[in-house]
Amino acid sequence: MPESLQTYEQAIEYLFGRINYERVHAEAYSTSDFKLDRMRLLLELMGNPHERIPVVHVAGTKGKGSTCSMLASIFKACGYRCGLYISPHITAFEERFTVDGVQPSQSELVELVNRLLPTIAEMDNLPGRMQPTYFELATALAWQHFVDRKVDLAVLEVGLGGRLDSTNLCRPLVTVITNISRDHTHVLGSTLHQIAYEKAGIIKTGVPVISGVGPGEAREMIEQTSCERQAPLTLLGRDLELIERRTASQGISQIDVRTPTSLWKDVPIVLRGPHQATNATLALAVVDELRARRWSLPDAEVKSGLQGVSWPARVEMIAQSPTVIIDAAHNWESARALVAAMREEQSHLKRILVFAATKDKDVAGILQQLLPQFDTLILTRYRDNPRGVSVEELSGLVESMTTRPAHLAPDPLSAWTLAKRLSGPDDLIVITGSFFLVAELRETILAEANQATSCVTTDKFVATPVSASSGR
């Protein structure tokens, strides 16, 4: 255990050296590894920063990150200093906790980690596997940063499940469960009932719940848990209605929404895909719930916040000629949403898929969604995580599902080079299958796109990479 860290690189290396379940194969851990005792003690030794900040807590299989991003942008537009905690990051660790869209600087991160070192050392010496994990430390650093920056409230995205997630010690004003489908089945369970039980674990006694979970056993679990905990429940399709969605140009749409207390008209949605209308509907229900608690959230500012939201790697167009879309679809539901979003894109002469996947995912289910939508397939494996499925295994799986041949690339950069060579200016390249694949390619493609736009002036596309000033 170092006494202090001098550089940003040392701080990152130290954090990544902790137990990190984002980079461990699912067979190596189970629910017994996810307990709140460590997180509770860690926060207690820090002075319980989580008890000082009101929270909107968001769980779900799909859409929770987008909903969090929308809410954070709304709160900022309404004049509140808002912390946003998400996972995983795409480019830099500091993306996980921002304030008003701004990441902590590298020197701030070093200082935050150094302040936590004595507490970590104390816990590491305790018996009973009390050593805090990578995700627990990330969550603790977020809380400390939010306290330092004196945020008015924070929006927290659940990392995994809900019941045993490190974020679940928060004191929420309202909780949100976007939807529920099968993902992380080794940890959360193989049935929707089991997964819903874990997601419903974020429901707190007396705290309002807003949910987009559709009819079936998952919704029954949400309803049962809300009733048992006397938590008022607002359900999409019962109490909350997406009246209409109108598609405009360049991926922008407008929605009309009816909540239990308001009728919202002509609300702008800038994130691509019809699923984002549902996420925005849930966000508007949160706004109305907070308005009932006398939070000042005027209509115009709410719409302005949604107009200005940015959420990288979620059906994100990062280049044109050819059009390049990246999306971190890593489960069946995410792949389905990506396919629906692609149907709204302008027609292209050819569609090229660059795909990599993680071992503990439903890779066959994801490919069943994607393969019929593409003319050319490029299979690869990302470099920075041992959980990646080998190119040979992906190739065998694709061969069992289609007679169409696939190109094989040993790494993401080779796959991107091949995709460019096989594409023309009127084609579409979609890069998807994993956060890790997107993370390895996004900055490279953005840099190339920005270089191209600096040579040829155009008003059609301006790429904005993630940075300390732009946030997420």
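The values are calculated or read from the model by the stated rules, or taken from the named source; none is laboratory data. Please read all numbers here as calculations on a predicted model, not as lab measurements. Positions of Cβ are backbone-derived with ideal geometry, glycine not excepted, and every protein chain shown enters the neighbour counts. Just the protein is used for accessible areas: all its heavy atoms, side chains included, with ligands, DNA and RNA removed. Shrake-Rupley method; radii C 1.70, N 1.55, O 1.52, S 1.80 Å.
All C-alpha pair distances within the range 280-403, sorted into 10 Å bins from zero, spread as 10, 34, 27, 16, 11, 2 percent across the bins. Expressed as a whole percentage, what fraction of the accessible surface of the range 324-432 belongs to carbon and sulfur atoms when a 1.4 Å probe is rolled over the protein heavy atoms? Result for the range 324-432: 48 percent of the exposed heavy-atom area is carbon or sulfur. Dimensions of the range 206-262 from C-alpha coordinates, computed as largest minus smallest value along each principal axis and given longest first, are 45, 25, 16 Å. Averaged over its residues, the chain has an accessible area of 40 Å² per residue, based on protein heavy atoms and a 1.4 Å probe. Considering only Thr205, Ile222, Pro232, and ranking their Cα positions along the charge dipole of the range 200-241 that arises from unit charges at the beta-carbon of Lys, Arg, Asp and Glu, the one farthest toward the positive end is Thr205.
For the residue pairs Lys265/Lys350; Lys62/Lys265; Lys303/Lys350; Lys64/Lys420; Lys150/Lys265; Lys64/Lys204, the C-alpha atoms sit more than 28 angstrom apart in Lys265/Lys350; Lys303/Lys350; Lys64/Lys420; Lys150/Lys265. In whole angstrom, the chain maps to an equivalent ellipsoid with semi-axes of 32, 28, 23, each derived as √(5λ) from the alpha carbon gyration tensor and ordered largest first. In percent, rounded to a whole number, the relative contact order of the chain is 16, using alpha-carbon pairs under 8 Å and six or more apart.
Ligands, DNA and RNA left out, the accessible area of the range 272-323 computed with a 1.4 Å probe is 42% carbon and sulfur. Within the accessible surface of the range 112-247, defined with a 1.4 Å probe on protein heavy atoms only, the carbon and sulfur portion equals 48 percent.
Name the trypsin sites (Lys or Arg not before Pro) in the range 366-454 that are in a loop by DSSP and that have at most 15 other C-beta atoms within 10 Å, would you? Taking the range 366-454 and a limit of 15 other Cβ atoms within 10 Å, the loop trypsin sites (Lys or Arg not before Pro) found are Arg383. Each of Phe16, Phe435, Phe75 has its accessible area taken with a 1.4 Å probe; listed largest first, they run Phe16, Phe435, Phe75.
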